[in-house]
Amino acid sequence: MKLSFLVGVVALVAAVGLLATPCQGQVWETLIPLITQQVVGLWKTGEREMFGHECTYFVTPKVKSFELYFKGRMTCPTLSNVRGEALTRSRSGVEAKTVEDYVRKVVEKGVITEEEAKAWLNK
């Protein structure tokens, strides 16, 4: 890197630092927590009751081909060792798709009947 470029960058940063008013500093102090809150909010962990058993679900963001997707996983260890999974573009829809996948898999495995699943899904 050329010395003149480095000196120019340092001078620019120093000038911006000297010319920045306290109001501009307050803008950053306000924006950083809001941005952090939005990014942290992309992850979600929760519990719900299904068929009389406690289940845990996780939602995590995933970037695929420069697009944001949400991956959902759900397990009910006291009911079965099946894991429901879904990948969607919708943060709100991923939970429903994950539950649907879990219910479909436990019905296929014979843990619950199709009638029990329909009754639970129609609640």
Subject >> Inter-label distance, nm, simple model (7 Å from Cα along the C-beta direction), I32/E115 >> reply: 6.1 nm
Subject >> Packing-based exposure ordering (other Cβ within 10 Å, fewest first) of E67, E114, E100 >> reply: E67, E114, E100
**OP:** Determine the principal axes of the Cα atoms in the stretch 44-121, then give the extent along each, sorted from largest to smallest and rounded to whole angstroms.
**Re:** 40, 19, 19
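Can you sort V103, V63 so the residue with the fewest Cβ neighbours within 10 Å comes first? Walk me through the numbers on the way to the answer.
Numbers: V103 23, V63 8.
Fewest-to-most Cβ neighbours within 10 Å comes out as V63, V103.
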Original post:
Would you list W43, W120 from fewest to most Cβ contacts within 10 Å?
Top reply: W43, W120
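Once you list every other residue whose beta carbon is under 14 Å from the beta carbon of N122, what net charge do they have if Lys and Arg are +1 and Asp and Glu are -1?
Neighbour charge sum, excluding N122 itself: -2.
If I stretch the segment between F66 and R104 completely, what's the gain in nm (0.36 nm per residue apart, minus their alpha carbon distance), one decimal?
On the way: separation 38, 0.36 × 38 = 13.68 nm, distance 3.06 nm.
That works out to 10.6 nm of additional length.
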Subject >> Partner lysines for K44 [C-alpha distance under 29 Å; skip if fewer than 8 residues away on the same chain] >> reply: K62, K64, K71, K97, K105, K109, K118, K123
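Every number here is computed from the coordinates shown, using simple stated rules; none is lab data. Since we're looking at a predicted model, the values are computed, not measured. All Cβ positions, even for glycine, are placed from backbone atoms using ideal geometry, and neighbour counts span all protein chains on display.
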